[in-house]
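What follows is a short report on a single structure.
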Amino acid sequence: MEMMIQASYFLAAVLFIVGLKQMSSPVTARRGILWSGVGMILATLVTFLDPTLHGVFNYLLMALGIAIGGGYAWQKGKTVPMVDMPQMIALFNGMGGGAAGAIAAVVLMRAIGQADAIPGGSVSMVLGTDVAIVALVGAFIGTISFSGSLIAWAKLDGRFKRTSLVPQQHWVNLALLVLVIYIGVKLFDTQSAGLVMLFFALVLLLGVFVTTPVGGADMPVAISLFNALTGLAVGLEGYVLDNAAMIIAGTVVGSAGTLLTQMMAKAMNRSVWNVLFGGFGQSAESADPDVIQGSMKEIQSQDTAIMMAYASQVVIVPGYGMAVAQAQHKVWELCELLEEEGVKVKFAIHPVAGRMPGHMNVLLAEAGVPYDKIFDMDEINPEFPKTTVALVIGANDVVNPDARNDKTSPLYGMPVLDAALAENVVVVKRGKGTGFSGVENALFYQENTQLLYGDGQKIASELIQHLKKL
Amino acid sequence: MIEGWAAIYIFLLAGFTGYEVISRVPVILHTPLMSGSNFIHGIVLVGAMVALGHAETFTQQVVGFIAVLLAAGNAVGGYVVTERMLEMFKSSKGGKG
């Protein structure tokens, strides 16, 4: 039996790695998640056969927990709109972190129970010093990821908007961290279950405190970091439970997630350190609002339609605003019409378009846009000077030329799409506001830029009607 | 069974594996991949089941049950949303990814 269980775990680990590898290419990605799913089912099923598990009631609880937790997640996952995907991922990730923390809690409580029976017994004696340390570190990381992810979810979902909870947040966090470490060390030779509870309560609070100041635009980086942390916590608890599948899968996710976090942070011109410990936009207030020259010019949808119909190439730059307006289906219909007219149409995606890197690709894919019409920033930027019309829909900061030209801009240094270099730029906007970062956009005041005011979906429908009449 | 140094080697090699597997991924797959890796750490379910199966007191059962509940949510939810996202990727040549 032991042999079969171990072999199944081994196979599951292989399937996870192969699955993840396949998920890193659009051609094989679908197969990748299927293989990983097979691995997960296999690992879960053989765990029921583990001879060290006991208690009929415990088995009942297991089945019940899987049914309720899995059923809830299945229902949620099936129905969540694609626009809300980032917070859903944060929520599911938080659950994983919480599970890792809870596993450590059970292990510690059992150890305290056994230490009680031995005169002078301690947690480190029962578990072994190495296992005790790993269990505590894993508990710490997993629990931070749990409460941090919940805050990330609540923030992205618009349920929680505060940026600080207590004055001098960073110092409070530091004090809390020191206290947590102190209690963690204390736990080694304690027999008090209350101390375990206190440890977890304080770590939960720390996760909340660390995540609360993170701004909305930085949240994807934080979520990705928590994803990596959950992976690491799972790997560590795998060591505690002597489970190779958990060690391998957890560690693979931990390192892959760390790399993914770095890539995201780099695409946003932010460091992970800054995301967690710095405020954003503080220099924006000191920037001189008068430096932007020129005025905004308005255009009507009919003129825009004519301009695009006779263009040689149109590049569409979609942003989160388009997704919120649910305009992606209409925009794709518009593209198909333009292609019938013989216009080349391409989509330009900034690495952080949407709420998360790659989120916009998902939203366009949902609307039926083939992925070979969608171009990365590096591929599309040399194309803009050859483009007749750049149509910017609901994007703002990611096309701001100040990020390249103006050293005083808070966006300076962030890689941007060079839509400003197109022959004509048409910006579809709901109103005269600034972008997510609150920074003024020099593109709107350019000579070759015209603004088309209105809701993304309504504008797209109007453009379609005018094109059909031509 | 997995002793100190062997565990450290496993951590090391698994770490490199994760890094290598992800290192050349296009931006368009960042969100699905994050979601996919989110699903893979759902393997914590196995650990949660073991923790619950070892529970001896009522408190341990409660905490173990919470672990299973959360872990199942992670695994199932992670799979469903990843699958939904990847299902939509297709090329204009009609081939499904």
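Among the residues of the range A:284-323, the one identified as open to solvent by less than 60 Å² (accessible area, probe 1.4 Å), among the β-branched types (Val, Ile, Thr) and at pLDDT below 90 is A:Ile292. Residues in the range B:43-56 that are of a type outside the set (Gly, Ala, Ser) and either more than 7 Å from every other protein chain (Cβ to nearest Cβ) or closer than 25 Å to A:Ala12 by Cα (or both): B:Ile43, B:Val44, B:Leu45, B:Val46, B:Met49, B:Val50, B:Leu52, B:His54. Pairs meeting the criteria (first residue in the range B:21-34 and modelled with pLDDT of 85 or more and assigned to a helix (DSSP H, G or I), second residue open to solvent by less than 10 Å² (accessible area, probe 1.4 Å) and hydroxyl-bearing (Ser, Thr, Tyr), beta carbons under 7 Å, at least 6 apart or on different chains) are B:Pro32/B:Thr82; B:Met34/A:Ser224. Within the range A:77-97, the set of residues being farther than 25 Å from A:Ala327 by Cβ and either outside any helix (DSSP H, G or I) or open to solvent by 10 Å² or more (accessible area, probe 1.4 Å) (or both) comprises A:Leu91, A:Met95.
The set of residues in the range B:58-69 that are within 7 Å of chain A (Cβ to nearest Cβ), open to solvent by 10 Å² or more (accessible area, probe 1.4 Å) and over 10 Å from A:Asn58 (Cβ atoms) comprises B:Thr59, B:Val63, B:Ile66, B:Leu69.
Open to solvent by less than 60 Å² (accessible area, probe 1.4 Å), assigned to a helix (DSSP H, G or I), under 16 Å from A:Leu91 (Cβ atoms) and modelled with pLDDT of 95 or more: does that describe A:Ser224? Before the answer, list the steps.
Working: open to solvent by less than 60 Å² (accessible area, probe 1.4 Å): yes; assigned to a helix (DSSP H, G or I): yes; under 16 Å from A:Leu91 (Cβ atoms): yes; modelled with pLDDT of 95 or more: no.
Considered against the rule, which asks whether it is open to solvent by less than 60 Å² (accessible area, probe 1.4 Å), assigned to a helix (DSSP H, G or I), under 16 Å from A:Leu91 (Cβ atoms) and modelled with pLDDT of 95 or more, A:Ser224 comes out as no.
Regarding A:Lys21, is this residue crowded, with 16+ Cβ neighbours inside 10 Å, basic (Lys, Arg) and in a helix (DSSP H, G or I)? Against the criterion (crowded, with 16+ Cβ neighbours inside 10 Å, basic (Lys, Arg) and in a helix (DSSP H, G or I)), A:Lys21 qualifies. So for the range A:53-60 (the condition being surrounded by 15 or more Cβ atoms within 10 Å (Cβ to Cβ), under 30 Å from A:Ile144 (Cβ atoms) and touching a helix residue (DSSP H, G or I) at 6+ places or on another chain (Cβ under 9 Å)), does at least one residue qualify? Yes: one or more hits. Of the residues in the range A:137-144, none is open to solvent by 30 Å² or more (accessible area, probe 1.4 Å) and not in a helix (DSSP H, G or I).
Taking the numbered list (1) part of a helix (DSSP H, G or I); (2) within 7 Å of another protein chain (Cβ to nearest Cβ) in turn, A:Asp242 passes all entries but (1). Annotation for the range A:27-49: no member residue is touching a residue at least 24 places away in the same chain (Cβ under 8 Å), farther than 16 Å from A:Ala244 by Cα and facing chain B (nearest Cβ under 7 Å).
The values are calculated or read from the model by the stated rules, or taken from the named source; none is laboratory data. Not measured: the values here are computed from a predicted model. Cβ sites come from the backbone with ideal geometry, for glycine too, and all protein chains shown count toward neighbours. Quick note on the areas: whole protein, heavy atoms, side chains included, nothing else; ligands and nucleic acids left out. Shrake-Rupley method; radii C 1.70, N 1.55, O 1.52, S 1.80 Å.
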